Amino acid sequence: MNVTLRDGQPADAPTIGRICYDAFGAINAAHNFPPDFPHPDVAIGFLSMMLAQPGFYVVVAESDGRIIGSNGVDERSVVAGVGPITVDPAVQNSGAGRKLMQHVIDREAKRGCPSVRLVQAAFHNRSLSLYTKLGFDPREPLSCMQGAPLALTLPGYKVRAAVAGDLSACNRVCLNVHGHTRDGEVRDAIDSGSTTVVEHDGRITGYSTALAFFGHSVGETNNDLKALIAAAPAFGGPGFLLPTRNANLLRWCLNHGLRVVQPMTLMSIGLYNEPRGAFLPSIAY
């Protein structure tokens, strides 16, 4: 196919949002997994936010004047998080997906971004193969977790809503665990009111931008994450992402009634530090 790329515009949201919904719905249904987006309006709303908000970049693929797909990247912090990348199911395997992903990789290289990351559905062999060929390294197997709110508290751990003055403490925790901060993302999440922090021994030892598909959490220990999970009023979207190798935390979640919805894989190009604490990535990274 003759595929051309251009920067996304706010007016593209209905079309690329619908393609996003259809593409993820088709591949998930083919493998008997629930859709990532429950309704087209949710996907359209998410892409509308990315197209309108500074700190995000969206590229659109066209063929013969028709939009056939898109890719996005979160550039709010030192690490770039890619996605969602989707191609119209009617024209998949045409090379559009490779072109969209390579465009984003090249863009971040020109920006001098030290690390580009994404999360892919582990059951989708083609995307795993494509991203690996393009230079992404598989870093962490993930389990998407869902279930009823636990409504629990952990002795010695206090969970509360984050305020603007907590940003530096959240950045400190993230820096100690990952070797970098997610300052722009955390700042926006605090402003939106979705962020919670956990305090232990009189100081902040962890935070969560949201216990959800699009949120991430970081803690000094598993107990910090257990406290955040236990206090969450719900687990947004398909659920939250838990590193499967963290058997202690996974077992705790399962023993408290949460279930594994689907397997996923965290992948990266460039800088990657093995985490020195507990974390739950977002669908971006």
> Among Gly81, Gly55, Gly215, whose mean-square fluctuation peaks in a Gaussian network model of the chain (Cα, cutoff 10 Å)?
Replying inline: Gly55
>> Under a Cβ-only charge scheme (Lys and Arg +1, Asp and Glu -1), can you give me the dipole magnitude of segment 146-280 about the Cα centre, in debye to the nearest 20?
In response: 340 debye
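Show me 45-53, 21-29, 132-140 ranked by packing, highest mean number of other Cβ atoms within 10 Å first. Write out the running numbers ahead of the final one.
Working: 45-53: 17.3, 21-29: 18.9, 132-140: 15.6.
In decreasing order of mean packing, 45-53, 21-29, 132-140 become 21-29, 45-53, 132-140.
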> Hey, what did the chain get for relative contact order, percent, Cα under 8 Å, at least 6 apart?
Replying inline: 21 percent
> Which of Pro238, Pro263, Pro155 moves most in a GNM of the chain, Cα contacts under 10 Å?
Replying inline: Pro155
>> Quick check: the angle from helix 222-231's long axis to the longest principal axis of the chain, C-alpha only, nearest 10 degrees?
In response: 80 degrees
> Net charge near Gly81, counting Lys/Arg +1 and Asp/Glu -1 over other residues with Cβ under 11 Å of its Cβ?
Replying inline: -1
> Which residue, Cys20, Cys170, Cys253, tops the fluctuation ranking in a GNM of the chain built on C-alpha contacts under 10 Å?
Replying inline: Cys253
> What relative contact order, as a whole-number percentage, does segment 95-221 give when Cα pairs under 8 Å and 6 or more residues apart are counted?
Replying inline: 17 percent
> Can you give the relative contact order of segment 1-76 as a percent, counting alpha carbon pairs under 8 Å and 6+ residues apart?
Replying inline: 38 percent
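How much length is gained on full extension from Asn125 to Ala11, taking 0.36 nm per residue of separation minus their Cα-Cα distance?
Between Asn125 and Ala11, full extension yields 37.8 nm more.
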>> Ignoring everything except DSSP H segments at least 4 long, calculate the 222 nm mean residue ellipticity for the chain; use -39,500 (n - 2.57) per segment, divide by total residues, nearest 500.
In response: -10500 deg cm²/dmol
> How many lysine pairs does the chain hold where the Cα atoms are under 23 Å apart and the two sit 8 or more places apart or on different chains?
Replying inline: 4
> Going through segment 182-270, which trypsin sites (Lys or Arg not before Pro) have at most 16 other Cβ atoms within 10 Å and a DSSP loop state?
Replying inline: Arg245
>> Given Cα positions, please report Rg to Rh for segment 51-184, the hydrodynamic radius being the Kirkwood one.
In response: 1.04
>> I'm checking a number: the convex hull volume of the Cα atoms of the chain, normalised per residue, in Å³. What is it?
In response: 118 Å³
> Points 7 angstrom from Cα along the Cβ direction at Met1 and Ala26: gap in nanometres?
Replying inline: 0.9 nm
> What nm value, rounded to one decimal, do you get for the distance between Thr132 and Ala151 when each label is placed 7 Å out toward the C-beta?
Replying inline: 4.5 nm
>> Using the Cα centre of segment 37-131 as the reference point, and only Cβ charges (+1 on K/R, -1 on D/E), how large is the resulting charge dipole? Debye, rounded to the nearest 20.
In response: 280 debye
> Taking Cα centroids, how far is segment 222-285 from segment 124-138 in Å?
Replying inline: 22 Å
>> Taking the Cα centroid of segment 160-192 and of segment 23-55, what is the distance between the two, rounded to the nearest whole Å?
In response: 26 Å
> Taking square-rooted eigenvalues a ≥ b ≥ c of the alpha carbon gyration tensor, is segment 146-280 rounded, prolate or oblate, where a/c under 1.5 means rounded and, failing that, a/b exceeding b/c means prolate?
Replying inline: rounded
>> Neighbour counts of other C-beta atoms within 10 Å: give me Leu5, Leu266 arranged from fewest to most.
In response: Leu5, Leu266
>> Just to be sure I understand the model, the point goes 7 Å from the Cα along the line to the Cβ. What's the resulting Ala247 to Asn273 distance in nm?
In response: 2.7 nm
> Based on DSSP, what percent of beta bridges with both residues in the chain are antiparallel, to the nearest 5?
Replying inline: 95 percent
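Every read-out reported here was derived from the displayed coordinates using simple, explicitly stated rules and does not represent laboratory data. Just so we're clear, the structure is a prediction, and the values are computed from it rather than from any experiment. Ideal geometry is used to build each Cβ from the backbone, glycine not excepted, and the neighbour counts take in all protein chains shown.
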